[in-house]
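Chemist: The structure is given below, and queries will be raised subsequently.
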Amino acid sequence: MTPVRHVRDTGTHAYLMKFMIRLRNAPVSSDRAKVANVSLWNRHLTLFTAVEGFPKLAATNRKDMTDYYKKMKRIAIYPGSFDPVTNGHIDILERGLKLFDKIIVAILLNPGKDPLFTVEERIHMLKISLKKIHNIEIDTFSGLLVDYAAKKKSHAILRGMRAVSDFEYEFQLALMNRRLNREIQTVFLMTGLRWIFTSSSIIKEAARFGGNINGMVPPIVNHKLKEKFGFISNSK
Ligand code: PNS
């Protein structure tokens, strides 16, 4: 059966599941009602099995289906350049983990941009900075973000919102992503007040001229920035 497009959004999943549980628990008084229930059950099961990644289950195995649904993880993609990661990023990630079971920190591989740090350096700094945080994965992606999110079976893109100045760009990005894939939602989280003015670009600017950026970035990033701008010698 060709996958039914609207069935893949989580709202519809929840609706179907609730309906199926109600159906399962409904008292069945006559044979006719039993037949009607089974046929409705099978119709909903067909819709469910049309969902990408949902294992084909026998119509009788309703418990497995309920368990599968309960265990389904809420995964968000937290995309960005992370050139380099700042304490503001970490703040958003920690807030996001209160809403999602797992967050994939996804670094964009963008040949158009001219980053200060190589992808390997950025991954290294992220790994060290996030080593105490559980339920995260660090990955890279190229191409469209929504395609990457769908590949990772995620329905959410997580973005941090600082001041009003972020709004216009974030709004455009979210609307374009929605146009490209309506099943993926963008979730904005407000950064903590102390990180309102923290951005990778402003931190790089300050670090370039020897400004004090203690407390704005993880220690490893502070160290790597000093190395990059020649204030200390390369540790390698
Ligand atoms: O940290 P940044 O640089 O603000 O992150 C921007 C990012 C990576 C989220 C954005 O550039 C992105 O998603 N790029 C991938 C290409 C894409 O899907 N663009 C949006 C629709 S055109």
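All of the numbers you see were taken from the coordinates with simple rules; none came from a lab. The structure displayed is predicted, hence computed values, not measured ones. Every residue, glycine among them, receives a Cβ derived from its backbone with ideal geometry; neighbour counts consider all protein chains shown.
Chemist: Taking 7 Å along the Cα-to-C-beta vector as the label spot, tell me the D101-L173 distance in nanometres, rounded to one decimal.
Modeler: Placing both labels 7 Å beyond Cα along the Cβ direction yields 2.6 nm.
Chemist: Given the peptides 85-94, 202-211, arrange them by the average over their residues of other C-beta atoms within 10 Å, most packed first.
Modeler: 85-94, 202-211
Chemist: With θ set to phi - 60° and the Karplus curve 6.51 cos²θ - 1.76 cosθ + 1.60, what are the ³J(HN,Hα) couplings of region 130-136 in order, to the nearest whole Hz, using x for Gly and Pro?
Modeler: So the J values, rounded to whole Hz, are 9, 5, 8, 9, 8, 6, 10.
Chemist: Short version: ³J(HN,Hα) in whole Hz for each residue of region 171-181, in order, from phi by Karplus 6.51 cos²θ - 1.76 cosθ + 1.60 (θ = phi - 60°), x for Gly and Pro, what are they?
Modeler: So the J values, rounded to whole Hz, are 5, 4, 4, 5, 5, 5, 4, 5, 5, 6, 7.
Chemist: Please list, in chain and number order, the residues 5+ apart from F82 or on another chain whose amide H is under 5 Å from its amide H, with Hs placed from the backbone.
Modeler: none
Chemist: Oh, and also: I157's amide H: which non-local residues (gap 5+, or another chain) put their own amide H closer than 5 Å, with H modeled 1.01 Å from N in plane and none for Pro or chain starts?
Modeler: Placed amide hydrogens put I77, Q185, T186, V187 under 5 Å from I157.
Chemist: Any idea how far apart K71 and F231 come out in nm if each label point goes 7 Å out from Cα toward Cβ?
Modeler: With each label placed 7 Å out from Cα toward Cβ, I get 5.0 nm.
Chemist: Still on this structure: For R74, which sequence-distant residues (separation of 5 or more, or a different chain) have an amide H within less than 5 Å of its own amide H, given hydrogens modelled in the peptide plane?
Modeler: Hits under the 5 Å cutoff: D101, K102.
Chemist: If you don't mind, there's one more thing I want to ask. Highest mean first, how do 107-114, 174-181, 216-223 rank when packing is the count of other Cβ atoms within 10 Å averaged over residues?
Modeler: Order by mean packing, descending: 216-223, 174-181, 107-114.
Chemist: Which links in K71/K151; K153/K204; K127/K151; K73/K228; K98/K226; K71/K204 stretch past 31 Å when you go from one Cα to the other?
Modeler: Distance filter (> 31 Å) returns K153/K204; K73/K228; K98/K226; K71/K204.
Chemist: With the contact rule set at Cα under 8 Å and sequence spacing of 6 or more, what percent relative contact order holds for region 75-228?
Modeler: Contact order relative to length: 31 percent.
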